[in-house]
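Colleague: What follows is a single structure, and I will ask about it in a moment.
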Amino acid sequence: MAIDFSLSPEQEDLQKLARDFVRKEFSAEVVRHHDATGEFPRAVLEKAFELGLMNVHIPQEVGGLGLGSVAGTLISEEVAAGCTGIGTAMEASQLAQAPVIIGGDDDQKRRFLAPMLEKLSFAAYGVTEPGAGSDVQGIKTTAKKVGDDYVINGSKMWITNAGVADWYFVLAYTDKSAGVRGMSGFLVPRSTPGITVGKKEWNMGQRASDTRGLTFEEVVVPKRNRLGAEGEGWKIAMAAFDHTRPMVAAAAVGLARSAMEHAIAYARERTAFGQPIAMQEGIAFLIADMAKDVEAARQLVRLAAWTIDQGRRNTKFAAYAKAFAADTAMRVATDAVQVFGGNGFNAEYPVEKLMRDAKIFQIYEGTSQIQRVIIAKEIFSRS
Ligand SMILES: Cc1cc2nc3c(=O)[nH]c(=O)nc-3n(C[C@H](O)[C@H](O)[C@H](O)COP(=O)(O)OP(=O)(O)OC[C@H]3O[C@@H](n4cnc5c(N)ncnc54)[C@H](O)[C@@H]3O)c2cc1C
């Protein structure tokens, strides 16, 4: 009896806690308000924080729960089923925390992670730049060693939580000539002089989430804020994705599940040609495809999360899960709009927002193309 697909009682409790939280706090009005205004959902996140649904991966050694990836994916799916804009605002700090958990020393964990358990606060992961996203090696930000400090210059783009974060994980070149082995990661408090936070971007979807550019001009950070050794930044920044991609994929599953549930309810109720449209094979098959793909995506998420929780390398499974779940979310949301017909195209109905929100899953944390690049590399270079 080696394979067991069931959740443990603790995992079921955590899933229920997240589900009940979403039922209570993510009313249609709240979700619509944050989508329409782009207002950061601080009040909702205060409640998530009080319930212990945020920062769940902060290690026990600094007072956190130290929960694993499977636990994170359970929360992520439930929250995303309510609203992925609020979900991204709630979970983006984890992408900044992951490099500290992976590559930080005790002092860095104590200074940057422990305070996040005391009060609601945020962190942001700053890798992408105006000229380089998928091609991380193309970043231009530099960190020059001056005495016991580093001086950072450069710009970051599309940084989730940039406007609300207390600190940033920043990837910069300490030695351009060494390629990816010349990159180092830094923990930069937002209060450091020389940082300019850009305007909030008005995006197609997930508008509750705060996305901005960041500029660093002669920003001085002490050596003790460098993660790992000089030249280890790229490795640490990429390793973070093995932990966070299963969670992002779980959020895509949550969105797809929500779109499917709306489509099923509508197909039962809407009549055409004298019967519910669910009785038309063309509609029923669309929904059958949604159901099988949502479940397949969920199982890939669990495999990727479980593998890393066992302390095993999961890069390939994390890429499978991210690519499959993101593409599934986009397809299911698009098909849900189709099931709703003209109503689906209208903002009064929920699936219009879901289709807008779904698109970003194929772009952030590595595009769907980049996931395939990773998978192909795993197939052709590692076997
Ligand atoms: C809302 C939002 C939030 C984000 N949050 C963060 C964040 O918190 N921190 C952060 O650092 N970044 C963040 N990003 C950036 C995101 O990770 C990048 O947008 C993404 O990695 C793609 O990079 P790019 O936009 O530069 O596109 P490009 O890299 O310019 O890609 C353009 C197109 O070319 C394709 N392409 C590129 N290279 C290849 C290849 N080798 N093979 C096949 N196709 C390829 C891509 O898939 C894409 O379709 C965010 C972006 C958005 C929009």
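No value in this document is a laboratory result; all are computed from the given coordinates. None of the values given here were measured: they were computed from a predicted structure. When we count neighbours, we look across all protein chains shown, and the Cβ atoms used for this are built from the backbone with ideal geometry, even at glycine.
Colleague: Pick out which of Ala98, Ala297, Ala43 has the largest mean-square fluctuation in a Gaussian network model of the chain, springs linking Cα atoms closer than 10 Å.
Modeller: Ala43
Colleague: Per Stokes-Einstein, at 20 °C and 1.002 mPa s, what whole-number D in µm² s⁻¹ belongs to the chain, with the Kirkwood radius over Cα pairs as the hydrodynamic radius?
Modeller: Value of D from the Cα-based Kirkwood radius: 100 µm²/s.
Colleague: At q = 0.23 Å⁻¹, what is the log10 ratio I(q)/I(0) for the stretch 122-230, with the Debye formula run over Cα points and no solvent?
Modeller: -1.28
Colleague: Using 7 Å Cα-to-Cβ label points, what is the Asn153/His33 separation (nm, one decimal)?
Modeller: For Asn153 paired with His33, the spin-label model returns 4.6 nm.
Colleague: Continuing with the same structure: Using a Förster distance of 25 Å, how high is the FRET efficiency between Leu17 and Arg312, based on the Cβ-Cβ distance and rounded to 0.05?
Modeller: 0.35
Colleague: Using the alpha-carbon atoms, what tilt in degrees (0 to 90, nearest 10) does helix 368-382 show relative to the longest principal axis of the chain?
Modeller: 70
Colleague: I've got another one for you. How would Arg257, Arg312 line up from fewest to most surrounding beta-carbon atoms within 10 angstrom?
Modeller: Fewest-to-most Cβ neighbours within 10 Å comes out as Arg312, Arg257.
Colleague: Take every Cα-Cα pair in the stretch 46-156 and report what % of them are more than 18 Å apart.
Modeller: 59
Colleague: Another question, then. Taking 29 Å as the cut-off for C-alpha to C-alpha distance, list the pairs among Lys156/Lys176; Lys119/Lys223; Lys145/Lys322; Lys47/Lys223; Lys156/Lys316; Lys292/Lys359 that go past it.
Modeller: With Cα atoms farther than 29 Å apart: Lys145/Lys322; Lys47/Lys223.
Colleague: Gap in Å between the Cα centre of the stretch 211-225 and the Cα centre of the stretch 152-210?
Modeller: First find each Cα centre; the distance between them is then 7 Å.
Colleague: Based on the Cα atoms of the stretch 267-308, what semi-axes does the equivalent ellipsoid have, where each is the square root of 5 times one gyration tensor eigenvalue, given in whole Å with the largest first?
Modeller: 34, 8, 4
Colleague: According to the Cα gyration tensor, what semi-axes, each the square root of 5 times an eigenvalue, does the equivalent ellipsoid of the stretch 7-65 have, listed from largest to smallest in whole Å?
Modeller: Semi-axes, largest first: 26, 16, 7 Å.
Colleague: May I ask you to evaluate 6.51 cos²θ - 1.76 cosθ + 1.60, the Karplus curve with θ = phi - 60°, for each residue of the stretch 126-134 and list the ³J(HN,Hα) values in order in whole Hz, giving x for glycine and proline?
Modeller: Each residue's phi maps through the Karplus curve to give x, 10, 4, 10, x, x, 7, x, 4 Hz.
Colleague: Now, a different point. Output wanted: per-residue J couplings in Hz (rounded whole) for the stretch 66-78, from phi through Karplus 6.51 cos²θ - 1.76 cosθ + 1.60, θ = phi - 60°, x for Gly and Pro.
Modeller: With the stated coefficients, the stretch 66-78 comes to x, 6, x, 6, 4, 4, x, 5, 5, 5, 4, 5, 5 Hz.
Colleague: So how tilted is helix 281-309 from the main axis of the chain? Cα-based, degrees 0 to 90, rounded to 10.
Modeller: Result, in degrees: 30.
Colleague: Please find, in a Gaussian network model of the chain (springs between Cα atoms separated by less than 10 Å), the residue of Ala18, Ala240, Ala284 whose mean-square fluctuation is greatest.
Modeller: Ala284
Colleague: Taking the C-alpha atoms of the stretch 235-382, how large are the radius of gyration and the largest Cα-Cα span, Dmax, in Å?
Modeller: Radius of gyration, then largest Cα-Cα span, for the stretch 235-382: 17.1, 60 Å.
Colleague: Same structure, new question: Restricting attention to the stretch 52-119, which trypsin sites (Lys or Arg not before Pro) occupy a DSSP loop and are surrounded by at most 14 other Cβ atoms within 10 Å?
Modeller: Passing both the DSSP loop test and the Cβ count: Lys119.
Colleague: Please list 3J(HN,Hα) in residue order for the stretch 40-57, calculated via the Karplus relation 6.51 cos²θ - 1.76 cosθ + 1.60 where θ = phi - 60°; whole Hz, with x for glycine and proline.
Modeller: 5, x, 4, 5, 5, 5, 4, 5, 4, 5, 4, 7, x, 8, 10, 6, 6, 8
Colleague: Between exposed chymotrypsin sites (Phe, Trp or Tyr not before Pro) in the chain, where DSSP calls loop and at most 13 other Cβ atoms lie within 10 Å, what's the longest gap?
Modeller: 6-201
Colleague: Okay, next question. List the residues, sorted by chain then number, that are 5 or more residues from Asn161 or on another chain and whose placed amide H is less than 5 Å from its amide H.
Modeller: Amide H neighbours of Asn161: Asp210, Thr211, Arg212.
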